[in-house]
Number of protein chains: 2
Amino acid sequence: MTAPEPAFLNALKWTPDGLIPAIVQDAEAGDVLMMAWMDRDAVLRTLETGQTHFYSRSRRSSWHKGGTSGHVQHVEEIRVDCDGDVLLIRARQVGGACHEGYRSCFFRRVAPDGQLEATGAPVFDPSAIYGSG
Amino acid sequence: MTAPEPAFLNALKWTPDGLIPAIVQDAEAGDVLMMAWMDRDAVLRTLETGQTHFYSRSRRSSWHKGGTSGHVQHVEEIRVDCDGDVLLIRARQVGGACHEGYRSCFFRRVAPDGQLEATGAPVFDPSAIYGSG
């Protein structure tokens, strides 16, 4: 017997493709770490496992964030916006969220001259985790 | 003579509709306030004025956040994610970001029973600002 689906799922508005954007925020430092998309399956797996899962549009299936790198996100709280069309996941990030080695995917800021500049330093070496090829 | 467009605009990846999601974070408290969409015009107006502008899909034009309510967002910093397809705006919020009267649009959380529950209290009365009709 399968557990009933949580009631809040019925309050969500999905895109025509069945997706919803999910912002991940560091539950401790408050930094915004990343934004990715979830389908219904990814939301359910996130709830079941307590770790974030997202939907890959190229692979057309949900995937476990950190499943390869070990850089998982332990979910502390899920919030829903007033329109029901965006999720905010507050989580404890292991290692870094960004595949480029930074803690947050938002490591570049717009400088006064209009160029992008990196801020801070990477927290891990991506080539050591994902391979250099 | 028009000023040249900032270089970072060329690093952005827009949806087929010419939009990019923009997360707004409170520059002081760190709370995630909202997520909305920007088109190129909204990004340029945000840069020119120092206050956030977004794209309204129903009106098919950019609009000035807080133009009616006075609850503007003063931009402190714009960040771009590793894939160039999400913006993070760090801003000082006047009043509340949410049209339901809350400081953040993410004022509801998923409770242990799977229902949504409001957290905190509104910071303004929406009917006094937007009218009750």
Cβ pairs under 6 Å, 6+ apart or interchain, first in segment A:61-85 and closer than 18 Å to A:ARG40 by Cα, second of a type outside the set (Gly, Ala, Ser) and loosely packed, with under 14 Cβ neighbours inside 10 Å, ordered by first then second residue, are A:SER62/A:ASP41; A:GLY84/A:LYS13; A:ASP85/A:LYS13
Could we say that B:LEU33 is more than 7 Å from every other protein chain (Cβ to nearest Cβ), more than 23 Å from A:GLY30 (Cβ to Cβ) and touching a residue at least 24 places away in the same chain (Cβ under 8 Å) here? no
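Just checking, which of A:GLY67, A:GLY84 is more than 10 Å from chain B (Cβ to nearest Cβ) and either more than 12 Å from the chain's Cα centre (by Cα) or among the acidic types (Asp, Glu) (or both)?
Details: A:GLY84 fails: more than 10 Å from chain B (Cβ to nearest Cβ).
Matching residue, one of A:GLY67, A:GLY84: A:GLY67.
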Of the criteria (1) more than 14 Å from chain A (Cβ to nearest Cβ); (2) buried (at least 19 other Cβ atoms within 10 Å of the Cβ); (3) out of contact with any strand residue (DSSP E or B) (no Cβ under 6 Å at 6 or more places or on another chain), which one B:ALA42 fails: (3)
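Residues that are touching a helix residue (DSSP H, G or I) at 6+ places or on another chain (Cβ under 6 Å): find the strands (runs of 3 or more DSSP E) completely inside segment B:10-99 holding 2 or more of those. Give the derivation first.
Values: elements: B:19-26, B:32-39, B:53-56, B:61-64, B:73-80, B:87-93.
Result: B:53-56.
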Could you check B:ARG109 against (1) within 18 Å of the chain's Cα centre (by Cα); (2) within 14 Å of chain A (Cβ to nearest Cβ) and say which number it fails? (1)
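For every residue, the table says whether it meets (1) of a type in the set (Asp, Glu); (2) within 27 Å of A:ALA11 (Cα to Cα); (3) exposed (fewer than 15 other Cβ atoms within 10 Å of the Cβ).
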{"site": "B:GLY70", "(1), (2), (3)": "no, no, yes"}
{"site": "B:ILE78", "(1), (2), (3)": "no, no, no"}
{"site": "B:GLY84", "(1), (2), (3)": "no, no, no"}
{"site": "B:GLY96", "(1), (2), (3)": "no, yes, no"}
{"site": "B:GLY101", "(1), (2), (3)": "no, yes, no"}
{"site": "B:SER104", "(1), (2), (3)": "no, yes, no"}
{"site": "B:PRO112", "(1), (2), (3)": "no, yes, yes"}
{"site": "B:LEU116", "(1), (2), (3)": "no, yes, no"}
{"site": "B:ALA128", "(1), (2), (3)": "no, yes, yes"}
Using the structure shown, decide if A:SER56 is at pLDDT below 95, under 13 Å from the mean Cα position of the chain (by Cα) and more than 10 Å from every other protein chain (Cβ to nearest Cβ). yes
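The values are calculated or read from the model by the stated rules, or taken from the named source; none is laboratory data. Treat the numbers as computed from the prediction; the structure is a model and nothing was measured. For neighbour counting, all protein chains shown are included, and Cβ atoms are generated from backbone atoms with ideal geometry for every residue, glycine included.
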